[in-house]
1. Can you send over the carbon and sulfur percentage of the accessible area for the stretch 24-127, probe radius 1.4 Å, protein chains only?
2. For the stretch 53-142, build the charge dipole from Cβ charges (+1 Lys, Arg; -1 Asp, Glu) around the Cα centre, then report which of L80, V53, G67 sits farthest towards its positive end.
3. Taking 7 Å along the Cα-to-C-beta vector as the label spot, tell me the F19-S118 distance in nanometres, rounded to one decimal.
4. Given the C-alpha centroids of the stretch 247-278 and the stretch 110-149, what is the distance between them in whole angstrom?
5. Taking the Cα centre of the stretch 32-158 as origin and charging only Cβ (+1 Lys, Arg; -1 Asp, Glu), how large is the dipole, in debye to the nearest 20?
6. What residues have an amide H closer than 5 Å to that of R273, excluding those fewer than 5 places away on the same chain, when H is modeled at 1.01 Å from N in the peptide plane?
7. Long-range amide H contacts for L187: which residues qualify at under 5 Å (H placed 1.01 Å from N, peptide plane, sequence gap of 5 or more or a different chain)?
8. Which order do peptides 237-243, 121-127, 101-107, 265-271 fall in by mean Cβ count within 10 Å, highest first?
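The values are calculated or read from the model by the stated rules, or taken from the named source; none is laboratory data. Every value quoted in this text rests on a predicted model; they were computed, and no experiment measured them. Glycine gets a Cβ as well: all are built from the backbone with ideal geometry, and neighbour counts include every protein chain shown. Side chains included, ligands, DNA and RNA excluded: accessible areas come from the protein's heavy atoms. Shrake-Rupley method; radii C 1.70, N 1.55, O 1.52, S 1.80 Å.
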Amino acid sequence: MSSFWLSRRSRGGGCLVPFAAAVPAGLEFLSSSSHGYLALSDPMATPKAVALVNPVTGRRIRLPPIGFFKRWHDVATVVLSADPDTADEWAAVAVGFPTNCLAYYSSAAGAWTPLGFSAAGYAGVEHFRGRFYVAFKSQLCVCDVEATVPAVIPLEQLIDDDDGGGENVDTGRRVVETHLVECDGELLLVSVHDNLERNPEDTTIFGDDDDHDGSSSSSSDSCDGRVVEVLRVEWVAGGAVRLVRQEDLRSRALFLGRNHAFALSPEEFPSCRANCVYLVDQQGHLDGRVRVFDMNADERWEPEEAAVVARNYARRDETIFPPDDGRRDAQSAGWARRGWFFPKY
């Protein structure tokens, strides 16, 4: 296990600096959770189970095994409803990858319950205004955990006419992963797409290997680039939702990966940049990286190109590679699991 903290270079870019996180020896990393907890497991234990660990306070919460997941290493993210340090009762949802099932845990019951949900990729989960929500591609669902048989219920999505309302978000591009993020009291649905961007006439204006993005990364990025789409969930009558495209993040920065996604204010955390998305990319590959997407349209583009970018996607602006901290050898399989973590002090 290795850990890095996000820092700022003198020229304004970002970098990752190794440090020794206070993680108990003998446990392996599954995911970062919410409320300052990491989701870890003991690789020697049988059966496998999740241990929630706060690396700042040292508190450890052992959860029962999730016996109905197909494979133990399917566990990708664990999201909490409340801080176990202060709440009398709390709940959690564990997400698998590929998402063949969701698991719901109640501290009152002390057991996991399966939630039927299947998606060929990474699904995002967030606890928002007292309920768990899950999203895959452009579909938003609510977890009905109070029903006799707990279930994941798709929400009706309204698509308005050309009045600035709901977006038809089915662009035909491959969606790599989907995240849900609470940001300033709003729920955001963030989709990560492959590297092809098209204008409304469906003709390519630029790909990830164009000179427009100003990235300092190598040309090998052109075959696996990413673009990010941010949609705000608007709640309407009758339990339906409308997805409204966001052109900026209200001076916030989003942190996405195989973890509980979160938003930070650069005023409080100056190492991150306002209106940017920090995506941990290349999960499971030998050398991962962080891609920084700037939601601001670049003034170097032609006006019509800048309008398309501002209206539809965040562009790739910077790539940050984790440094070699000396913890890998020639036989290392690389950092198989990566995610952002926001500690609670």
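1. Values: 2180 of 4080 Å².
Answer for the stretch 24-127: carbon and sulfur cover 53 percent of the accessible area.
2. Most positive-ward Cα: G67.
3. Result: 4.4 nm between the two label points.
4. 24
5. Numbers: 9 positive and 10 negative charges, 82 e Å.
Dipole magnitude for the stretch 32-158 comes out near 400 debye.
6. The answer is none.
7. Amide H to amide H, under 5 Å and 5 or more residues apart or across chains, L187 pairs with V233.
8. In descending order of packing, they fall as 121-127, 101-107, 237-243, 265-271.
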